[in-house]
1. Set the Förster distance to 51 Å, then compute FRET efficiency between L422 and N219 from the Cβ-Cβ distance, nearest 0.05.
2. If we sort 433-440, 266-273, 103-110 on the protection proxy, mean other Cβ atoms within 10 Å, highest first, what's the order?
3. What does DSSP give for the range 119-442 in terms of the percent of beta bridges that are antiparallel, rounded to the nearest 5?
4. May I ask for the distance between the Cα centers of the range 162-220 and the range 387-445, given as a whole number of Å?
5. With label points built 7 Å along Cα→Cβ from the Cα atoms of S84 and A163, find their separation and express it in nm.
6. Under 1.5 on a/c is rounded, so check that first for the range 119-442, then, if it is not, pick prolate when a/b is larger than b/c and oblate when it is not; a ≥ b ≥ c are the square roots of the alpha carbon gyration tensor eigenvalues.
7. Hey, can you rank 307-318, 398-409 by average C-beta count inside 10 Å, highest first?
8. Using a basic spin-label model with each label point 7 Å from the Cα along Cα→Cβ, how many nm lie between S354 and T60?
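We did not get these values from a lab; they are worked out from the coordinates using the rules stated. None of these values were measured; they are calculated from a predicted model. Don't worry about glycine lacking a Cβ; one is built from the backbone with ideal geometry, like all the others, and counts go over all protein chains shown.
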Amino acid sequence: MNKRTRPLSFMSLAVLAMAITACGGTPAVTATPAAQGETKLVTLRIGPGVTSAALTSTVTGAQVIAFDHTTGRAVLSVPVDTASKLSSANLSAQALGSLDAGVLGVEADGVMKVLADDPEADALGLTTWAGGLTTWAGGLTTWAGGALTWAGGVNFLNSSDLASAGAYWNKLGIPWAQKLIPELGTGVTVATIDTGIDLNHPLLQGRIDTANSWDFIGNDAVPQEENSGGKYGHGTAVAGVILQIAPNAKIQAYRALKPDGSGAMSNVIAAITKASTNGARVINLSLGSTTNSLALNTAVAAALAKGILVVNSSGNAGTEGVVYPGAALGTLQFPLTSGLISVGSVTLDLKKSSFSQYAKNLSMTAPGELILTTFPDARLVKASGTSFAAPAVSGALALALSTGATSASVAANVKATASANLDPTFNPELGAGTLNVGALADNYR
């Protein structure tokens, strides 16, 4: 099937069509790991007396990209030559000197990416904000039977697009949830590990934690989206979905993927570590890998040990089996009840989206087709893919966490309150059901 674009019809400007859909003491990680292909990832067991500095001084050329005494694990990005000497069969004791540490695994610095294998998942319609809006004005200020108005009553959607957006919010129970939880995510930070974010978008102003965001591609503190690849705007669109549900949450943006939607595993791991250090309560990974990675699992496990919830899109190949790290759910490391949540996509009729991957260990689903959200250069987009189902769950978690609820409670209840899916073919592999933000809020107010 050919790729489809769906412009927002109220605009007089030309409509662009782009594909961005997809389905990322502890040291402060800021430096970008060495170029992919020149390094390997080494996962270590570390004793309580081992420090990050000791590892870098002992292992030639190493960068520590994950380090956690709670789990007793660390991950190093090391030059290929050094890695060959650190394999468990190659004198790891001598290589690590007298440190209370041991090599658990050595692997290539693989690729993580936003996964858009189905043409239907690549359909976007772009346009420009009307009326010069500069803020979310505390979220959606008027619902009026599902009608959307922003910034004190300025309505910028035509009746068709407004009805489409309202149907999505009403299906999720967002109006009721935001009425019950007026904190709207206040005090909760959600980290997006992605292609970056449009730091200048009018609807994102005041919502981005610029002090703690980071660009692992450019190795600087400005994770601005770059318009030079087919996934341009992916991270901005993800952030907009989160903020529609929890508009007072803060977004910590980590640019770990290039504009083509791909990035080194080491960048994603370093971003998870930095987000864990910088106070994120939720980490959104609208990306994935088809390969299991001990190093990635180590970083995710360290985040979970801190009470951070990690949300991962399931992938867009339309096939059975989800992408990693979510694919590791149901193992000893990540029980199905853990804070790692794998999210697939459904239609508003609660049927599996044709592109969504599915599995018996999938946690849950959320609507992921033609979701209205933010796009760079002060534009709106209708985006489809599991990449845009996952951040709806992240936003719901942030909303519930702002009530003071524990991470464990919210992780359990977001699944327990899900609406039953209505897909007789795929229901057994669509997890607990579809996100119901209103029912989740009922648990806390």
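1. Details: r = 47 Å, r/R0 = 0.93.
So, using R0 = 51 Å, E works out to roughly 0.60.
2. Working: 433-440: 24.4, 266-273: 29.4, 103-110: 19.2.
Order by mean packing, descending: 266-273, 433-440, 103-110.
3. So the antiparallel bridges amount to about 35 percent of the total.
4. About 17 Å separates the Cα centre of the range 162-220 from the one of the range 387-445.
5. In this crude spin-label approximation the distance works out to 6.6 nm.
6. Verdict is rounded for the range 119-442.
7. So the order, starting with the most tightly packed, is 307-318, 398-409.
8. 5.5
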